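**Q** Attaching a single structure in structure tokens format; questions to follow.
The values are calculated or read from the model by the stated rules, or taken from the named source; none is laboratory data. Nothing here was measured: the structure is a model prediction, and the numbers come from that model. Methodologically, a virtual Cβ is constructed for each residue, glycine included, from the backbone with ideal geometry; neighbour enumeration extends over all protein chains shown.
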Amino acid sequence: MADQTLPTNAWPANGVPADLIPPGRKRLGFALMAAATLGLLAVIALQILYKTEVTTLGFDTWRPIVYAYVLWGVALGVGQVLTRGEDGQRALFLLPALLFTIAMVVFPTLFGFYIALTDWNLSSFSGRKFNGLDNFWQMLADPYYRNALFNMVLYVLAVFVEYIIAFGLALLLNAQIRARKFFRVVFLMPLMLSPVAVSWMIGKSLMEYRFGPAATLARHLGWDNPAFFSNPITARISIMVLDAWTFIPFMMIMLLAGLQAMSREVLEAARVDGATTWQTFWQVTFPLMLPVSVTAVILRIIFKLKLADIIITVTSGGPGGATDSVSSFIYREYRDRSNVGYGTMLAMAYLVIIIVFVTWLLKFASRFVRNVN
Amino acid sequence: MRVGLYEKLVRAGATRRDILKGAASMAAIAAASGAGLGALTRPAAAADDLRAKILQIPGVGKGQPTDADFQKVGELCLEATKANVKEGEFAGVELTFMGLNNQNLHNVLFRGFLKPWEAYTGAKISWIDLAQADYNARLQQSIATGTVDFDIIEMGAPFEGDVCGKGLTSEMPDWVKKQIDFDDLVNYLKPPVGTWNGKQYRVTIDGDAHNFNYRTDVFADADLAKAWKESGATTEWGVPKTWQEVQAVTKFLKGKQFKGQDVYGYLDAPKPWGGFGFYFLGSRASAYAKHPDDKAWLFDADTMKPRINNPAWVRAIQDVIDALPSEPPDQINADPNTTGFQQFLAGTGSMIPWWGDIGSNVKTNDSSVIGDVTGFSILPGSDDVYNSKTGQWDKLASGPNYSPNCAYLGWGVYVMARVDSDEKKQKAAWSAAAHLGGKDLSLWCAAYPSGFQPYRNSHFNIPEWVAAGYDEAFISSYLKSEGDSYNHPNAAIEPRIPGIFQYYSAAEDILANTFAGKMKAQEGADAIAAAWEKLTDQIGRENQIKLYKASLGV
């Protein structure tokens with residue numbers, strides 16, 4: 001049978017290799033892109049001047065800038081085809097996604113960094129004012145932000161306890177136990193619940209001091225005043241437990257998948273060699289599961305760094321900031337105090353901290369896995 | 001109706017609503033064409049019938065009202081609208097209404113009330129429901145980003161600086177003033193409240209003040225009275241009249257049993273509540289900080305220098321710190337919603353300050369167990385009051401200083417300026433607002449769980465409430481506490497300045513730390529003062545001074 005694929009040097013019927021494009025067409029393409037770019041920049045400049053009240057010519061809203069951006073994108077695409085022929089056509093597959101990402105991710109992030117450098121209180125009569133690094137210096141001296149960061153360290157450390165429990169559950173569900181499928185579904189259920197629902201069902205109902213079943217049980221067990229959210233330590237632990245209850249199934253399901261993908265021959269070989277159950281686990285299963293474990297822990301840490309909903313619903317960060325997370329603090333700064341400039345600085349600084357921390361964690365984890373294996 | 005005839009009646013003092021109320025209105029107008037005022041007697045009787053009728057829906061003690069009840073009340077109160085709007089006049093008009101959904105009240109009721117209005121006028125309303133704690137953020141974002149996406153808003157007077165001050169609201173037409181019988185409002189809710197630069201913007205639907213709610217059975221209990229005497233108290237066992245007594249009673253009740261259960265005294269609300277929790281510290285502080293010779297109590301009126309760290313406020317903060325160990329063990333995690341609806345109505349605690357909702361819920365809310373054992377008064381006073389001008393504590397010759405906290409000044413309905421360009425839409429929006437602020441409908445709202453409390457002189461007619469099924473002693477006590485708070489000569493009035501909830505929210509965060517023991521009372525108060533100074537500078541000090549003075553009437 002004849003080969004149906006095109007040789008690499010064959011072009012589609014309407015495709016033109018770049019070196020065969022007439023110079024006039026290339027010039028037209030470059031001119032189109034240049035005109036579109038200049039047009040876009042001119043419209044943006046005009047609108048900035050209008051909004052800063054330098055000129056009286058401009059648009060009431062920024063919507064025309066979006067239209068100009070779309071037009072520029074179209075012109076860019078046409079220009080690519082005109083100047084680069086077949087290569088340009090290929091670029092058209094990528095260009096919409098690239099432009100969309102710039103509009104939806106890159107631009108908002110850069111704009112966010114700009115907002116972080118402004119004094120912008122929504123109630124202020126004078127509106128938004130550029131104030132350089134003032135918000136940053138304020139953040140460094142803010143005891144509430146530092147307290148929230150400290151709490152985040154504790155919350156992240158709790159992930160390791162969650163990991164141990166999740167591993168135990170995964171081993172259990174991987175074993176030949178009765179009603180294994182039923183338990184797998186049951187253990188997954190907390191993950192299907194919204195954290196807000198968990199907050200109300202458990203934090204504000206089951207653990208309610210006066211009538212909550214958990215409080216009643218605690219009284220029967222001899223705890224006189226089972227107030228789960230009144231004392232800083234118990235409140236912090238209670239929040240950790242609520243969050244763990246929701247997300248342990250996530251780690252467990254990842255670990256269970258890892259366990260099921262493990263080669264049975266290795267385990268059987270260990271048993272044939274006379275290894276005990278503990279030795280099999282510690283010297284065979286655990287090392288082989290490390291890559292999955294590291295992935296599960298890192299993903300869980302990333303989720304943990306965003307912890308807010310349970311705290312906002314159950315404690316509002318109290319008592320005395322003991323349960324406050326960075327996200328719940330930023331939420332209050334935005335929502336209750338309309339302090340957009342400072343709140344954005346907190347969020348951007350936290351973003352940088354997360355990126356640096358997770359990058360380090362990934363490097364450390366890959367080195368750790370390599371060394372162990 | 002002939003225009004000349006109508007205008008003649010209005011000149012004689014009748015409102016449109018009066019004129020057209022009841023089935024016999026046309027006949028009455030014809031009969032009155034020579035005498036004018038003679039026409040008003042029969043509609044007045046019809047109005048009384050209507051008020052008695054709606055108060056029987058569903059009837060006090062007959063369970064919580066449902067959506068069917070809201071619609072029934074809305075339908076019965078539609079006559080005032082019909083006097084100003086023809087059937088189907090607003091066909092094709094679409095309005096967006098932004099309001100709250102706390103406790104399944106506010107917007108939930110408005111929907112029912114406005115359903116018959118929609119059916120009659122042909123307009124259609126879509127709804128934006130917000131939780132109380134999200135309200136401020138949503139509103140501020142809409143203002144700051146120029147994305148006001150609603151035509152009508154349920155809003156409190158404290159936000160008037162943010163909204164009316166920025167020209168975002170529509171001025172109330174005269175026909176609305178007549179339809180809602182504007183003059184019936186209690187005095188403290190009349191202008192300047194609801195106005196900005198002399199223009200009227202608000203249809204008031206609520207009056208707000210913190211009153212003092214207490215358990216009559218606890219303070220009439222012989223065993224507790226005996227124990228009180230045995231504890232060495234020199235006063236008689238009874239409802240505290242001053243904050244000093246509140247503190248003493250709260251500490252005394254710690255560890256005591258009543259009807260087989262732990263009994264607690266005062267309930268504080270230390271957990272932040274989107275800024276609204278600060279009012280509860282304000283209620284503890286007003287008697288200490290609001291001097292009868294000085295209208296200001298939160299800031300110095302001339303400089304906006306915070307008074308939150310003066311000895312009066314620090315004493316109030318210290319009172320909370322001292323009382324918390326005698327309150328339920330999880331009290332540090334209680335916000336006002338918890339103290340009012342999960343604790344007090346459910347039988348925990350014997351004293352709380354709250355808006356009038358406790359009074360209107362205690363007998364009509366299904367979760368209330370204290371319907372027959374609740375009494376009301378104005379907030380407790382103080383044996384002495386701090387004088388900010390002299391820096392001394394004064395003892396008044398008249399006795400304890402009382403200063404009811406007129407917190408929030410009630411909810412109102414405001415129409416946004418964006419409807420002004422469309423005459424039909426503007427009239428529709430104001431008609432909807434006027435329907436919600438109608439005189440008769442408001443009585444029903446005051447009597448049943450609605451989120452609103454009495455705010456009109458006509459709401460204080462006790463026989464109407466008794467006829468509706470309220471116990472006379474109970475309702476007299478409740479209405480007296482409300483009326484005395486509104487009309488008190490030394491009431492502490494809410495400052496209607498932009499960003500007021502930012503001040504409250506910043507304070508809440510610091511207070512939460514102070515109540516948790518991380519700071520002393522004075523340190524916490526100083527930290528709040530510093531945060532408030534910064535906020536004032538950020539929003540604009542000169543403007544804030546001007547607006548604060550205006551809100552105090554200085």
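**Q** Working only within the range A:114-135, note down all residues that are away from chain B (no Cβ under 13 Å) and in contact with a helix residue (DSSP H, G or I) (Cβ under 6 Å, 6 or more places away or on another chain). Don't jump to the end; show me each part of the working.
**A** If we filter the range A:114-135 for residues that are away from chain B (no Cβ under 13 Å), which is where we start, we get A:114, A:116-117, A:130, A:132-133.
If the condition is that a residue be away from chain B (no Cβ under 13 Å) and in contact with a helix residue (DSSP H, G or I) (Cβ under 6 Å, 6 or more places away or on another chain), then A:Ala116 is the only one that fits.
**Q** For a quick check of your reading of the model, give me the residue pairs whose first member lies in the range B:182-193 and is of a type in the set (Lys, Arg), whose second is buried (at least 21 other Cβ atoms within 10 Å of the Cβ), with beta-carbon atoms closer than 7 Å and at least 6 apart or on different chains.
**A** none
Residues checked against (1) touching a Lys or Arg at 6+ places or on another chain (Cβ under 6 Å); (2) within 14 Å of another protein chain (Cβ to nearest Cβ); (3) under 27 Å from A:Trp120 (Cα atoms); (4) part of a helix (DSSP H, G or I):
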position: A:Leu307; (1), (2), (3), (4): no, no, yes, no
position: A:Phe329; (1), (2), (3), (4): no, yes, yes, yes
position: A:Tyr334; (1), (2), (3), (4): no, yes, yes, yes
position: A:Tyr350; (1), (2), (3), (4): no, no, yes, yes
position: A:Phe357; (1), (2), (3), (4): no, no, no, yes
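**Q** Being within 14 Å of chain B (Cβ to nearest Cβ), crowded, with 16+ Cβ neighbours inside 10 Å and closer than 18 Å to A:Ala308 by Cα is the requirement here; does A:Arg210 meet it? Spell out the reasoning first.
**A** Values: within 14 Å of chain B (Cβ to nearest Cβ): yes; crowded, with 16+ Cβ neighbours inside 10 Å: yes; closer than 18 Å to A:Ala308 by Cα: no.
For A:Arg210, the condition - within 14 Å of chain B (Cβ to nearest Cβ), crowded, with 16+ Cβ neighbours inside 10 Å and closer than 18 Å to A:Ala308 by Cα - is not met.
**Q** Any chance the range B:100-110 includes a residue that's more than 25 Å from the chain's Cα centre (by Cα) and either more than 30 Å from B:Asn337 (Cβ to Cβ) or not in a loop (DSSP other than H, G, I, E, B) (or both)?
**A** Start the filter on the range B:100-110 by keeping residues that are more than 25 Å from the chain's Cα centre (by Cα), which leaves none.
No, because not a single residue in the range B:100-110 is more than 25 Å from the chain's Cα centre (by Cα) and either more than 30 Å from B:Asn337 (Cβ to Cβ) or not in a loop (DSSP other than H, G, I, E, B) (or both).
**Q** Please go through the range A:111-135 and give me each residue that is surrounded by fewer than 16 Cβ atoms within 10 Å (Cβ to Cβ) and closer than 13 Å to A:Ala349 by Cα, ordered by number.
**A** Result: A:Gly112, A:Phe113, A:Tyr114, A:Leu133.
**Q** Being part of a helix (DSSP H, G or I), touching a helix residue (DSSP H, G or I) at 6+ places or on another chain (Cβ under 7 Å), without any contact (Cβ under 8 Å) to a residue 40 or more places away in the chain and surrounded by fewer than 16 Cβ atoms within 10 Å (Cβ to Cβ) is true for just one of A:Thr101, A:Thr37. Which residue is that? If you could, list the steps in order and put the result at the bottom.
**A** Numbers: A:Thr101 fails: touching a helix residue (DSSP H, G or I) at 6+ places or on another chain (Cβ under 7 Å).
Answer to the selection: A:Thr37.
**Q** Taking A:Asp60, is it exposed (fewer than 12 other Cβ atoms within 10 Å of the Cβ) and either modelled with pLDDT of 95 or more or within 14 Å of chain B (Cβ to nearest Cβ) (or both)? Step through it out loud before you land on a result.
**A** Numbers: exposed (fewer than 12 other Cβ atoms within 10 Å of the Cβ): yes; either modelled with pLDDT of 95 or more or within 14 Å of chain B (Cβ to nearest Cβ) (or both): yes.
Against the criterion (exposed (fewer than 12 other Cβ atoms within 10 Å of the Cβ) and either modelled with pLDDT of 95 or more or within 14 Å of chain B (Cβ to nearest Cβ) (or both)), A:Asp60 qualifies.
**Q** If I filter the range B:290-302 for residues that are part of a helix (DSSP H, G or I), modelled with pLDDT of 95 or more and not charged (D, E, K, R), do I get at least one hit?
**A** Start the filter on the range B:290-302 by keeping residues that are part of a helix (DSSP H, G or I), which leaves none.
No.
**Q** Give all pairs with beta carbons closer than 7 Å in which a residue from the range A:220-245 that is away from every other protein chain (no Cβ under 14 Å) meets a residue that is charged (D, E, K, R); count only pairs at least 6 apart in sequence or on separate chains.
**A** Listed by first residue and then by second, the contacts come to A:Ala244/A:Glu162.
**Q** In this structure, does A:Arg84 turn out to be more than 30 Å from A:Ala347 (Cβ to Cβ) and either without any contact (Cβ under 8 Å) to a residue 40 or more places away in the chain or of a type outside the set (Asp, Glu) (or both)? Please lay out each step first, then the result.
**A** Details: more than 30 Å from A:Ala347 (Cβ to Cβ): yes; either without any contact (Cβ under 8 Å) to a residue 40 or more places away in the chain or of a type outside the set (Asp, Glu) (or both): yes.
In short, yes.
**Q** Would you confirm, using the coordinates I've provided, whether B:Gly347 is in the same structural domain as B:Lys395 (by TED's automatic domain parsing), surrounded by fewer than 24 Cβ atoms within 10 Å (Cβ to Cβ) and in contact (Cβ under 8 Å) with a residue 24 or more places away in the chain?
**A** Values: in the same structural domain as B:Lys395 (by TED's automatic domain parsing): yes; surrounded by fewer than 24 Cβ atoms within 10 Å (Cβ to Cβ): yes; in contact (Cβ under 8 Å) with a residue 24 or more places away in the chain: yes.
Against the criterion (in the same structural domain as B:Lys395 (by TED's automatic domain parsing), surrounded by fewer than 24 Cβ atoms within 10 Å (Cβ to Cβ) and in contact (Cβ under 8 Å) with a residue 24 or more places away in the chain), B:Gly347 qualifies.
**Q** Let me ask something additional. Right, B:Ser485: more than 14 Å from chain A (Cβ to nearest Cβ) and of a type in the set (Ser, Thr, Tyr) or not? Quick ask: steps written out before the conclusion?
**A** On the way: more than 14 Å from chain A (Cβ to nearest Cβ): yes; of a type in the set (Ser, Thr, Tyr): yes.
So B:Ser485 passes the test.
**Q** Just checking, which of B:Lys72, B:Lys82, B:Lys166 is surrounded by fewer than 22 Cβ atoms within 10 Å (Cβ to Cβ) and either of a type in the set (Phe, Trp, Tyr) or within 18 Å of B:Trp430 (Cα to Cα) (or both)? Give the derivation first.
**A** Working: B:Lys72 fails: either of a type in the set (Phe, Trp, Tyr) or within 18 Å of B:Trp430 (Cα to Cα) (or both); B:Lys166 fails: either of a type in the set (Phe, Trp, Tyr) or within 18 Å of B:Trp430 (Cα to Cα) (or both).
B:Lys82 is the lone residue from the list that is surrounded by fewer than 22 Cβ atoms within 10 Å (Cβ to Cβ) and either of a type in the set (Phe, Trp, Tyr) or within 18 Å of B:Trp430 (Cα to Cα) (or both).
**Q** Report, by residue number, each residue of the range A:246-267 that is aliphatic (A, V, I, L, M) and either in a helix (DSSP H, G or I) or within 14 Å of chain B (Cβ to nearest Cβ) (or both). Quick ask: steps written out before the conclusion?
**A** Here is the first cut: in the range A:246-267, the residues aliphatic (A, V, I, L, M) are A:248, A:251-257, A:259, A:261-262, A:266-267.
Correct list: A:Ile248, A:Met251, A:Met252, A:Ile253, A:Met254, A:Leu255, A:Leu256, A:Ala257, A:Leu259, A:Ala261, A:Val266, A:Leu267.
**Q** Restricting the range B:341-378 to residues that are under 15 Å from the mean Cα position of the chain (by Cα) and modelled with pLDDT of 95 or more, which is farthest from the other protein chains (Cβ to nearest Cβ)? Spell out how you get there, then give the answer.
**A** First, pick out the residues of the range B:341-378 that are under 15 Å from the mean Cα position of the chain (by Cα): B:353-361, B:378.
Going one step further and asking which of them are modelled with pLDDT of 95 or more, we end up with B:353-354, B:378.
Numbers: B:Pro353: 20, B:Trp354: 19, B:Ile378: 29 Å.
So, considering only residues that are under 15 Å from the mean Cα position of the chain (by Cα) and modelled with pLDDT of 95 or more, the one farthest from the other protein chains (Cβ to nearest Cβ) is B:Ile378.
**Q** On to the next question. Taking the range A:229-258, which residues are within 21 Å of B:Gln331 (Cβ to Cβ), surrounded by 19 or more Cβ atoms within 10 Å (Cβ to Cβ) and of a type in the set (A, V, I, L, M, F, W, C)?
**A** Selection gives A:Phe229, A:Ala235, A:Ile239, A:Leu242.
**Q** For the range B:111-156, which residues satisfy the criterion of being modelled with pLDDT of 95 or more and over 24 Å from the mean Cα position of the chain (by Cα)?
**A** Correct list: B:Lys115, B:Pro116, B:Trp117, B:Glu118, B:Ala119, B:Tyr120, B:Thr121, B:Gly122, B:Ala123, B:Lys124, B:Ile125, B:Ser126.
**Q** Only one of B:Ser382, B:Ser368 is within 22 Å of B:Ala346 (Cα to Cα) and either of a type outside the set (Phe, Trp, Tyr) or loosely packed, with under 14 Cβ neighbours inside 10 Å (or both). Can you tell me which?
**A** Values: B:Ser382 fails: within 22 Å of B:Ala346 (Cα to Cα).
Exactly one residue qualifies, and that residue is B:Ser368.
**Q** Which members of the range B:247-285 meet the condition of being hydrophobic (A, V, I, L, M, F, W, C), away from every other protein chain (no Cβ under 14 Å) and buried (at least 24 other Cβ atoms within 10 Å of the Cβ)?
**A** The answer is B:Val249, B:Leu253, B:Phe280, B:Leu281, B:Ala285.
**Q** Any idea which residue in the range B:506-547 is farthest from the other protein chains (Cβ to nearest Cβ), counting only those that are assigned to a loop (DSSP other than H, G, I, E, B) and surrounded by fewer than 21 Cβ atoms within 10 Å (Cβ to Cβ)? Walk me through how you get there before you give the answer.
**A** Residues of the range B:506-547 that are assigned to a loop (DSSP other than H, G, I, E, B), as a first pass: B:516-520, B:540.
Filter again for surrounded by fewer than 21 Cβ atoms within 10 Å (Cβ to Cβ), leaving B:517-520, B:540.
Working: B:Gly517: 7, B:Lys518: 5, B:Met519: 9, B:Lys520: 13, B:Gly540: 5 Å.
Filtering the range B:506-547 for residues that are assigned to a loop (DSSP other than H, G, I, E, B) and surrounded by fewer than 21 Cβ atoms within 10 Å (Cβ to Cβ), the one farthest from the other protein chains (Cβ to nearest Cβ) comes out as B:Lys520.
**Q** Of the residues B:Tyr455, B:Tyr448, B:Tyr478, B:Tyr503, which is within 14 Å of another protein chain (Cβ to nearest Cβ), at negative phi, of a type in the set (Phe, Trp, Tyr) and crowded, with 24+ Cβ neighbours inside 10 Å?
**A** Numbers: B:Tyr455 fails: within 14 Å of another protein chain (Cβ to nearest Cβ); B:Tyr448 fails: within 14 Å of another protein chain (Cβ to nearest Cβ); B:Tyr478 fails: within 14 Å of another protein chain (Cβ to nearest Cβ).
One residue alone meets the criteria, B:Tyr503.
**Q** Given the conditions (1) more than 14 Å from chain A (Cβ to nearest Cβ); (2) within 22 Å of the chain's Cα centre (by Cα), report the number of the one that B:Glu472 does not fulfil.
**A** So the condition that B:Glu472 fails would be (2).
**Q** May I pose another question? Which of the following residues is farther than 22 Å from B:Thr66 by Cα and buried (at least 21 other Cβ atoms within 10 Å of the Cβ): B:Thr145, B:Thr121? Step through it out loud before you land on a result.
**A** Details: B:Thr145 fails: buried (at least 21 other Cβ atoms within 10 Å of the Cβ).
Only one candidate passes the filter, namely B:Thr121.
**Q** When the residues of the range A:359-372 are narrowed to those that are without any contact (Cβ under 8 Å) to a residue 40 or more places away in the chain and either of a type in the set (A, V, I, L, M, F, W, C) or touching a Gly at 6+ places or on another chain (Cβ under 7 Å) (or both), which ends up nearest to the other protein chains (Cβ to nearest Cβ)?
**A** So the residue we want is A:Trp360.
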